[in-house]
1. Would you check which residues across the stretch 133-161 are in contact (Cβ under 8 Å) with a residue 24 or more places away in the chain and assigned to a loop (DSSP other than H, G, I, E, B) and list them?
2. Go through (1) surrounded by 17 or more Cβ atoms within 10 Å (Cβ to Cβ); (2) over 26 Å from the mean Cα position of the chain (by Cα); (3) of a type in the set (Lys, Arg) one by one and return the number of the condition Arg259 breaks.
3. Let me confirm something: among Ser188, Ser133, Ser110, which residue is outside the structural domain of Gly37 (by TED's automatic domain parsing) and either closer than 30 Å to Asn39 by Cα or buried (at least 17 other Cβ atoms within 10 Å of the Cβ) (or both)?
4. Scanning for something within 27 Å of Glu193 (Cβ to Cβ), touching a Leu at 6+ places or on another chain (Cβ under 6 Å) and in a loop (DSSP other than H, G, I, E, B), does the stretch 91-103 turn up at least one residue?
5. Looking at the stretch 104-132 only, could you name the residues that are small (Gly, Ala, Ser) and either within 20 Å of the chain's Cα centre (by Cα) or assigned to a helix (DSSP H, G or I) (or both)?
6. Could you tell me which numbered condition Leu153 fails, if it satisfies all but one of (1) in contact with a strand residue (DSSP E or B) (Cβ under 6 Å, 6 or more places away or on another chain); (2) farther than 18 Å from Asn187 by Cβ; (3) buried (at least 22 other Cβ atoms within 10 Å of the Cβ)?
7. Which ranges mark the strands (runs of 3 or more DSSP E) fully within the stretch 162-256 that have 2 or more residues being over 32 Å from the mean Cα position of the chain (by Cα)?
8. Name the pairs: first residue in the stretch 229-249 and closer than 18 Å to Glu219 by Cα, second residue among the hydroxyl-bearing types (Ser, Thr, Tyr), Cβ to Cβ under 9 Å, at least 6 apart or on different chains?
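The values are calculated or read from the model by the stated rules, or taken from the named source; none is laboratory data. From a predicted model like this one, the values you see are computed outputs, not experimental measurements. We place every Cβ from the backbone using ideal geometry, glycine too, and count neighbours over all the protein chains shown.
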Amino acid sequence: MAAVLAARALRKSYRGKEALVGVDLEVGAGELLGLLGPNGAGKSTLTKIACGLVRPSGGSVEVLGVPAGSAPARAAVGYLAELFRFPGWCSADELLQLHQRLCGSQGGASERAGLLELVELGDAAGVRVEAMSKGMQQRLGIAQALVGSPRLLLLDEPTSALDPVGRRIVRGLLEELRRRDVAVLLNSHLLSEVELVCDRVAIINQGMLVREGRPADLERSRGVEVETASGVKLFEGAGREEAPEIVARLVAEGERIHRVEVLSSTLEDVYLEAVRGRTG
C-alpha cells in the first residue's frame with residue numbers, strides 16, 4: 001500500500017517544549033487511521049503539519065511523495081479543524097462555491113450538489129449556516145473538506161457535535177471514502193467511533209507514538225470465563241486456543257458447562273494502558 005501521508009522522525013517544539021518527538025507514521029490509499037491521545041498529546045499539531053499550517057522543527061512529512069505544505073501537497077489535502085466557523089449568512093451552496101474558488105476546483109454545481117448529497121444535506125443547499133443545527137454545520141464542514149476531490153482527508157474531531165444519527169451518517173461517509181481510495185486521518189476522542197470505522201489506530205502521548213496497529217491486533221486476551229453448575233470460573237491469561245482444552249478438562253472432572261466466554265481487552269483498555277504507561 002503506497003503511502004499517501006508519510007511522517008518520518010517528525011519533531012515539533014514550541015518555545016522549548018516538545019509537542020512531537022520523532023514520530024513515524026504512514027496512511028495508505030483508502031486507509032482510515034484513527035489518531036488517539038489525551039489533550040496536549042500532539043494530535044492536532046501533527047494534523048496541522050500535515051496540511052501545511054505548521055512547520056516541523058525536524059524530520060519530514062510528505063503527501064503523495066512531496067513535502068507537506070507545498071502547492072501539490074495542499075491540492076491533495078482536505079481539512080476540517082476541530083473549531084471552525086463559517087459565515088452565518090452563507091447558504092450551504094454558497095459556502096461550497098467559495099471553497100471551490102479558494103482551492104481552484106472546476107467541479108461547479110454538480111460537485112456541490114454531489115457533496116451535499118454525500119453528507120445528507122441535499123435538501124439544505126439554500127439553507128443559511130446560521131439556521132443550521134450544530135450537527136448540520138459539522139456535516140457541511142466535511143463536505144467543504146471534500147471540495148476538489150482530495151486524496152487525503154484530515155478530520156479533527158469530526159463527530160464531536162453529532163448525535164447518534166449524525167455519527168452513523170459520518171461512518172457511512174467514511175466507508176464510502178474508503179471505497180474511493182481516499183486516505184483519512186481521523187483525530188478523535190470517541191474510541192467507540194474509531195473502533196467501528198478505522199483500519200488502524202495510532203496512540204500518541206507526550207508527543208510520542210506509543211502504540212500502533214489494527215484494533216483487533218492491539219487487543220489482548222484477559223482470560224477464559226466458564227460458567228458451570230457449581231459457579232463461574234475464570235482462567236486468567238488463557239486465550240481462545242486454550243478454551244477447548246479447559247472445557248474438556250472441566251467436563252472430565254464432572255462439571256456441567258453452561259457458558260464459555262473468551263474475555264479480551266477493548267480499545268479503551270489498550271488506550272488507557274498506553275497513556276498511563278507514559279504519564280504514571
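1. Passing the criteria: Leu146, Val147, Gly148, Ser149, Pro150, Arg151, Glu157, Pro158, Thr159, Ser160, Ala161.
2. Of (1) surrounded by 17 or more Cβ atoms within 10 Å (Cβ to Cβ); (2) over 26 Å from the mean Cα position of the chain (by Cα); (3) of a type in the set (Lys, Arg), only one is false for Arg259: (1).
3. Checking each option against the conditions leaves just Ser133.
4. The answer is no, given that none of the residues of the stretch 91-103 is within 27 Å of Glu193 (Cβ to Cβ), touching a Leu at 6+ places or on another chain (Cβ under 6 Å) and in a loop (DSSP other than H, G, I, E, B).
5. If the condition is that a residue be small (Gly, Ala, Ser) and either within 20 Å of the chain's Cα centre (by Cα) or assigned to a helix (DSSP H, G or I) (or both), then Gly108, Ala109, Ser110, Ala113, Gly114, Gly122, Ala124, Ala131 are the ones that fit.
6. Going through (1) in contact with a strand residue (DSSP E or B) (Cβ under 6 Å, 6 or more places away or on another chain); (2) farther than 18 Å from Asn187 by Cβ; (3) buried (at least 22 other Cβ atoms within 10 Å of the Cβ) one by one, Leu153 breaks only (2).
7. 221-228, 231-235
8. Final answer for the pair search is Gly237/Ser221; Ala238/Ser221; Gly239/Ser221; Gly239/Ser264; Arg240/Ser221; Arg240/Ser264; Glu242/Ser221.
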